Amino acid sequence: MLNTFQTTPSSHEQCKPKTTSEQKDASLLLQSFTSRSTSCTKLLKNKTMIQHHSSRILILVVVVAAFICTTNGQLATYLDRAKQAENCMIWSSWGGCTWIRGPTREHRWNQPYFKQLSSLCQKSVFYSKLNVFFGKAIENVIQYLKTITLDEKPCGMCSYKQSCGYKCHRRKGDNRYVNRIFVAESLCDERDFNGESQQQACHTAYDALPKENDECQVWPNRAILMPNVTGDYRNIVNDFQMSNCIKTQDDNGKIICRCCCHPYHPHPETFQCQA
């Protein structure tokens, strides 16, 4: 099913970004990260790098950095407000919620991340290019997250669903919000999980964490292989805050971490994720 905004078709164009638009978007997307990453701030100031690197690759590097920030595949919300907007004439219906592990072998959550997306979103410029350039890196991160996450069901406010726009443009007008990446995301709630909530902080294996700085810090993990993400770009990825965790004990007295996806934090007593 497709959701169509009432706009004039002649005022729109296909979602094929032009080179000048891509260069502008690369700078804007990098600027959106400066409050989260000191490495990204340094990269943004390096105008030579921005000018001489492929703008499309630069955008995709920022996108993959956004992915690393979460344990759920929440991509677009780190780059944009990620809401459906009128600069896309058509929006796909919301797909299923994405997650890192399913209760059975055949469950869709055990499929690779990109196959969990709707068929329309898989074909979108945003996700198709991301998969081509960084699909292996993303799947490597997901495998790591599977090894450290003890929960079978969605938890930690980490599971999102996506909708993708078609027949889009990036022109601003009337001070209306413009979705620059043509992808919308929404946090999944009880209605998506048959009445169950994902608000409880995830149980995370303390012994499996790299313990580079904080003992319950999930990221960075420099042992994870990330093809096509090297040099300054890997520094950007390493500098992001993926989750917020606290150290505690399980019912058997074993040390574990309770984690919520950024920007949520676990309550120290109830372990409910809160903003």
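A short reminder: the numbers here are calculations on the coordinates, not readings from a lab. Since this is a predicted model, take the numbers as computed values, not measurements. Don't worry about glycine lacking a Cβ; one is built from the backbone with ideal geometry, like all the others, and counts go over all protein chains shown.
Some points to look at:
- Looking at region 178-275, the trypsin sites (Lys or Arg not before Pro) that sit in a DSSP loop and have at most 15 other Cβ atoms within 10 Å of their own Cβ are LYS211, ARG222, LYS254.
- Each listed q (0.14, 0.17 Å⁻¹) maps to a log10 I(q)/I(0) for region 159-275 from the Debye sum over equal C-alpha point scatterers, namely -0.83, -1.03.
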